[in-house]
Amino acid sequence: GAGVSQTPSNKVTEKGKYVELRCDPISGHTALYWYRQSLGQGPEFLIYFQGTGAADDSGLPNDRFFAVRPEGSVSTLKIQRTERGDSAVYLCASSLRASSSYNEQFFGPGTRLTVL
Amino acid sequence: LAKTTQPISMDSYEGQEVNITCSHNNIATNDYITWYQQFPSQGPRFIIQGYKTKVTNEVASLFIPADRKSSTLSLPRVSLSDTAVYYCLAGTGAGSYQLTFGKGTKLSVIP
């Protein structure tokens, strides 16, 4: 079956612009996660959705970052007034559910964001 | 979430067995140990998870001693395609939605 897909694969924008990054999780997965990965580092947690609601957004760096999942499937990560420090690969992952002793997260290929 | 420590990099020749050890001295009673693999330009991929003793699947084995303060990921007979970054994570299995990655171990397989 299809895995997690993310669009676009690459996004180049100018400082101060607004960007949206999209994630299509695996069908039937109720839990969805966003991570950010900088060069040479491991992924860093941003936000987690269980269904339509953001169950934990403690990893969002500031209020320029916002994510939605209105129908419990596709999610969009939105970044306002982008800064050069926002440049990174943004990874999306999904899992069947989060409240399980076996929580394998399936990751998408990521969106590489470059802020000039 | 327990802090994990693993080597920054390792080299191995094709066909050899590779063992990557991870330290997690402060692991909690209900923490599981999970390993992910990441190839360039891809998201991480789950390899294996365990709680104690030994777990084996078609890809790797995971050895966890009785004190659970460390674990070893074993990759049998590596090939060039096993060149990747391997991450060790230690956290609660139940309800563990927030994966905490360190810098991982960059494994380079040499022909």
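The values are calculated or read from the model by the stated rules, or taken from the named source; none is laboratory data. Please read these numbers as outputs of a predicted model, since none were measured by experiment. For neighbour counting, all protein chains shown are included, and Cβ atoms are generated from backbone atoms with ideal geometry for every residue, glycine included. We work out accessible area using only protein heavy atoms, side chains counted, and drop any ligands, DNA or RNA first. Shrake-Rupley method; radii C 1.70, N 1.55, O 1.52, S 1.80 Å.
The residue list A:Ala55, A:Ala31 contains one member that is of a type in the set (A, V, I, L, M, F, W, C), within 11 Å of chain B (Cβ to nearest Cβ) and open to solvent by 40 Å² or more (accessible area, probe 1.4 Å), which is A:Ala55. Taking first residues from segment A:1-14 that are of a type in the set (Ser, Thr, Tyr) and at pLDDT 95 or above and partners that are open to solvent by less than 90 Å² (accessible area, probe 1.4 Å) and assigned to a loop (DSSP other than H, G, I, E, B), the Cβ contacts under 9 Å between residues at least 6 apart in sequence or on separate chains come to A:Ser5/A:Pro25; A:Ser5/A:Gly108; A:Ser5/A:Pro109; A:Ser9/A:Pro109; A:Ser9/A:Gly110; A:Thr13/A:Thr82. Inside segment A:1-17, residues that are closer than 23 Å to A:Gln80 by Cα and open to solvent by 20 Å² or more (accessible area, probe 1.4 Å) make up a count of 11. Residue by residue through segment A:40-52, note down the ones that are open to solvent by 60 Å² or more (accessible area, probe 1.4 Å) and more than 11 Å from chain B (Cβ to nearest Cβ). Correct list: A:Thr52 only. When only residues in segment A:94-116 that are outside any loop (DSSP other than H, G, I, E, B) and modelled with pLDDT of 95 or more count, which is nearest to the other protein chains (Cβ to nearest Cβ)? Ranking the candidates gives A:Phe107 first. When A:Glu71, A:Glu20 are screened for being open to solvent by 10 Å² or more (accessible area, probe 1.4 Å), in a strand (DSSP E or B) and either acidic (Asp, Glu) or facing chain B (nearest Cβ under 10 Å) (or both), only A:Glu20 passes. B:Ala84 meets the conditions (1) within 14 Å of chain A (Cβ to nearest Cβ); (2) under 30 Å from A:Tyr48 (Cβ atoms); (3) touching a residue at least 60 places away in the same chain (Cβ under 8 Å) in every case but one. The failed one is (3). The residues of segment B:21-32 that are touching a residue at least 12 places away in the same chain (Cβ under 8 Å) and over 13 Å from B:Gly102 (Cα atoms), listed by number, are B:Thr21, B:Asn25, B:Asn26, B:Ile27, B:Ala28, B:Asn30, B:Asp31, B:Tyr32.
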